[in-house]
Amino acid sequence: MKLRMEMPGFLYGFYERKLQRSLDPERIPRHIGVMVDGNRRWARQFNAPTSQGHQAGADKIHEFLGWCQELGIKVVTLYMLSTDNMSRSGEELDLLMGIIANTLDRLDEDAEISVHAMGAPELLPDYLAARLNRLTARTPAREKLHVNVAVGYGGRREIVDAVRELLHDAVDRGTDIGKLADDLSVDDISRFLYTRGQPDPDLVIRTSGEQRLSGFLMWQSAYSEFYFCEALWPAFRKVDFLRALRDYAGRQRRYGS
């Protein structure tokens, strides 16, 4: 009986190691976007409070970033809180903001991670906005992983903000707006996105079985590969991640054709 109980864990570990060995290092994505979806549904499965689901999701983030560091992934963008989520109840939002703040503190403890904030800081409590500003200003001595934290983020708002900043920049430089309109290019707008200077995501993963972007990296994901996983985010395993990477490696990227 004891042997039967241990076998699944043994087989799981064996399969995980086999999957990881099968991955071609040359086919590992540089930048992965992750929609960490399913925390509330995971909590409901256990008749647990919503806050417990959010905390389990936060714990999974740190585990996931460890996998990324191990596999040599350079950039991760985490969709943690959208502008649409801001309409949730005040009690849930207060608990969620506190969990996000604690998550940022844990990221601050890793000297090999740099953090970049994406979103509208004016929508956030002052203490959370201050943490994001402090983390963004910190420069690690040796960066192993760059993490974009999308909190209070909306994809349409990002594009509007980019265009607004582009226009203000043109006015400040004395550029004729008519000429700007005539000469406007994709690169002009990309220079003012929240992720300016970073590679676009090669792979976007969404957990919980939902198959939509929900406004996540709408501009940057134009040529990304997408992987939708049935697992709820707190239950997302390393094997699930390795399967996503294997699936990505097997695709022929056509960049729009």
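Rule-based calculations on the coordinates, nothing more; no lab input. Since the structure is predicted, the reported quantities are computational estimates derived from the model, not experimental observations. FYI the Cβ positions are ideal-geometry reconstructions off the backbone, even for glycines, and counts take in every protein chain you see.
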Exercise. Taking 0.36 nm per intervening residue step and subtracting the Cα-Cα distance, what contour gain separates D126 from V239 on full extension?
Worked result: 36.9 nm
Seminar exercise, completed: With E225 itself left out, Lys, Arg at +1 and Asp, Glu at -1 over residues whose Cβ is under 9 Å from its Cβ give 0
Exercise. Compactness ratio of the chain: Cα Rg over 2.2 N^0.38 Å, N = residue count?
Worked result: 1.09
Seminar exercise, completed: Label model pair S87, A137: point-to-point distance (7 angstrom along the Cα→beta-carbon line) in nm is 3.5 nm
Seminar exercise, completed: The Cα extents of region 140-257 along the principal axes, largest first and rounded to whole Å, are 54, 40, 28
For this session: Give the cross-link partners of K60 among the lysines, using a straight C-alpha distance below 18 Å as the criterion and excluding same-chain residues fewer than 8 apart.
Result: K238
Problem set entry | Cα-projected label distance for V163 with R191, points at 7 Å along beta-carbon direction, nm | 1.8 nm
Problem set entry | Straight-distance crosslink candidates among aspartates and glutamates, where the alpha carbon sits under 14 Å from K144 and sequence neighbours closer than 8 are dropped | E70, D108, E109, D110, E112
Problem set entry | Y12-D59 pseudo-label distance in nm [points 7 Å out on the Cα-to-Cβ vector] | 1.4 nm
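To the nearest 20 debye, what charge dipole does the chain have about its Cα centre, counting +1 at the Cβ of each Lys and Arg and -1 at the Cβ of each Asp and Glu? Can you show the working numbers first?
Working: 35 positive and 37 negative charges, 234 e Å.
Its charge dipole is roughly 1120 debye.
I need the GluC sites (Glu not before Pro) found in region 77-146, filtered to DSSP loop residues with at most 15 other beta carbons within 10 Å of theirs. Let's see the in-between values first.
Numbers: sites: E91, E92, E109, E112, E122, E143; in loops: E109, E112, E143.
Filter output for region 77-146: E109, E112, E143.
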